[in-house]
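Below is one structure, written out as structure tokens; the observations come after it.
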Amino acid sequence: MAEQLFEGGCLCGAVRYSAVGPPQHQTMCHCANCRRASGAQSVAWVSVSRGKVEFTQGEPSRYAYTREDGRNIERTFCGGCGTQLTYAADGPDDGIDITTGSLDDPDAYPPKVESWREEKLSWVKP
Ligand SMILES: [Zn+2]
Ligand SMILES: [Zn+2]
């Protein structure tokens, strides 16, 4: 498959990134961590290899923490307007997730699977 370039950024425009695909995964995450971080019921993600994302304008703020299962997580977001941008967990998988909603063309990368369905809110359909 040919390499795709996709770009995105935050609400205020201070932080921009570009990534080279094709995506490894396109997911809709229902986990409680994503819910808190975004303030939304679920979050759509596009995943690529970690080395394939670069911030092309501005510097994101970073939030590092340890998840309940012991994995170390780093989320990036715009420190000015708060848009969630990326999520990466340490471990064997070298992926980094990009919020589909921050892409310039989010319609091009629909979620293909749901993750953390056990934490999905009861009123989220289907
Ligand atoms: Zn911003
Ligand atoms: Zn999640």
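Just so it is clear, none of the values below were taken in a lab; they were calculated from the coordinates. Because the structure is predicted, anything quoted here is derived from the model rather than measured. Quick reminder, even Gly has a Cβ in these numbers, built from the backbone with ideal geometry, and neighbours come from all protein chains shown.
Inverting the pair-averaged 1/r between distinct Cα atoms of region 1-48 gives 12.3 Å as its Kirkwood hydrodynamic radius.
Would you mind estimating how fast region 5-119 diffuses translationally, via Stokes-Einstein at 25 °C and 0.890 mPa s with the Kirkwood radius over Cα pairs, in µm²/s? In µm²/s, the coefficient rounds to 174.
If the chain linking Glu3 and Ala108 were pulled fully straight, counting 0.36 nm for each residue of separation and taking away their Cα-Cα distance, it would gain 36.3 nm. When the trypsin sites (Lys or Arg not before Pro) in region 1-76 are filtered for DSSP coil states and for at most 16 other beta-carbon atoms within 10 Å of their beta-carbon, the remaining sites are Arg67, Arg71.
With the simple model of a label 7 Å out from the Cα in the direction of the Cβ, Glu118 to Ser49 spans 3.2 nm. FRET efficiency for the pair Gln24 and Lys125, taken as 1/(1 + (r/R0)^6) with r the Cβ-Cβ distance and R0 = 22 Å, rounds to 0.20. I'd like to know which of Phe6, Thr56, Val46 lies farthest towards the positive end of the charge dipole of the chain, counting +1 on Cβ of Lys and Arg and -1 on Cβ of Asp and Glu. Comparing the listed Cα positions along the dipole, Val46 ranks first. The stretch between Asn72 and Cys12 holds 18.8 nm of extra length on full extension. This uses 0.36 nm per residue minus the Cα-Cα distance. Annotation note: chymotrypsin sites (Phe, Trp or Tyr not before Pro) in region 1-64 located in DSSP loop regions with a Cβ neighbour count of at most 16 within 10 Å are absent. Ordering Asp105, Asp97, Asp69 by the number of other Cβ atoms within 10 Å of each residue's own Cβ, fewest first, gives Asp69, Asp105, Asp97. Loop exposure criterion: GluC sites (Glu not before Pro), DSSP state outside H, G, I, E and B, at most 11 other Cβ atoms within 10 Å. Applied to the chain, the longest stretch between such sites is 4-67. Our summary gives region 1-44 a relative contact order of 29 percent, counting only alpha carbon pairs under 8 angstrom and 6 or more residues apart. Computed on the chain, with alpha-carbon pairs under 8 angstrom and 6+ residues apart, the relative contact order is 31 percent.
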